[in-house]
Amino acid sequence: MPSWSYTYPIAKMLRGIGRKFLRAFRDLVPIIVVIAFFQTVVLRQPLPQVGEVLFGSLLVVVGLMLFVEGLDMGLFPIGEALAEALTRKGSLFWLLVFSFALGFATTIAEPALIAVADEAADVAATGALIPDNAGARADYAMGLRLSVALSVGLAVLLGVLRILKGWPVYVLIIGGYLAVMVMTLFAPDEIIGIAYDSGGVTTSTITVPLVTALGVGLASTIRGRSPLLDGFGLIAFASLLPMIFVMAYGALLH
């Protein structure tokens, strides 16, 4: 009897881990199929370093499983809990401060943005847009990251105001993209592609879970708001405003 009381929870836990592992593997199957097809049918070459590739694929599956589990256990609950607590506190000021700080902090730490900013600094130095030294590259990359982080902070703040006021999301999105098109006409050619890419890299592994949880938690707490209709849309603003800010940054710099 005692042995069964210990064995059952362990077996249940192992089954749960197995299901999550299979779910992560299933999500990666399309990538595996595409790579295998082109390697065997189009290129007709054996897969190089098969052992390392298989081990690396296993690590990717395990990493994806742990990442998704971490979102469910940590980031989503804390984002929703903070939004609900600040709403019940009834302080609009602190809610807006938290929204801006959350957008800024998650973006400045975004690995994808760091990679794009560093690459943009290297290309700018190679193209003689900035001095070709480590200090100039670091300043350029940090200026780009700060521009994007500030824009995402304002975007999340704007999204929170939209949820509070009940503004239609399509009006803000259409107006924002009209502003992007106007900015594109006047921005330096060297910064336009970087600006558009910056809008994409902000919506990545760190920013999306917390910002989404903030919107859903806020819409769930406010009377008359629907989590499905009003809780989403913050990510759209977080993709939109960085394009405007980075083009403005490029216009000032170049």
**Message:** What does the charge count around residue 229 come to, taking other residues whose C-beta lies under 15 Å from its C-beta (Lys +1, Arg +1, Asp -1, Glu -1)?
**Reply:** +3
**Request:** Would you mind working out the accessible area per residue for region 31-101, using a 1.4 Å probe, and quoting it in Å²?
**Result:** 72
**Fill in**
With every protein chain kept in place and a 1.4 Å probe, the residues 211, 169, 182 fall, from largest accessible area down, as 182, 169, 211
**Item:** Carbon plus sulfur fraction of accessible area for region 91-210, probe 1.4 Å, in percent
**Value:** 73
**Message:** Could you work out [θ]222 nm for the chain from helices alone, using -39500 (n - 2.57) per DSSP H run of at least four and dividing by all its residues? Round to the nearest 500 deg cm²/dmol.
**Reply:** -27500 deg cm²/dmol
**Message:** I'd like the distance between the alpha-carbon centres of region 154-199 and region 98-141, rounded to an integer number of Å.
**Reply:** 20
**Request:** Can you tell me how much longer the chain between residue 21 and residue 204 gets when fully stretched, taken as 0.36 nm per residue apart minus their C-alpha distance, in nm with one decimal?
**Result:** 63.7 nm
**Fill in**
Quick note, the chain: a/c under 1.5 would make it rounded; otherwise a/b > b/c is prolate and the rest oblate (a ≥ b ≥ c, C-alpha gyration tensor); here it is oblate
**Message:** Need one value: the accessible area of residue 190 in square angstrom, 1.4 angstrom probe, rounded to the nearest 10.
**Reply:** 90
**Prompt:** Which of 76, 140, 58 sits farthest toward the positive end of the charge dipole of region 35-150, with +1 on the Cβ of Lys and Arg and -1 on the Cβ of Asp and Glu?
**Reply:** 76
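The values are calculated or read from the model by the stated rules, or taken from the named source; none is laboratory data. Worth saying up front: this structure is predicted, and the values here are computed from it rather than measured. Backbone-built Cβ (ideal geometry, glycine too); neighbour counts: all protein chains shown. We work out accessible area using only protein heavy atoms, side chains counted, and drop any ligands, DNA or RNA first. Shrake-Rupley method; radii C 1.70, N 1.55, O 1.52, S 1.80 Å.
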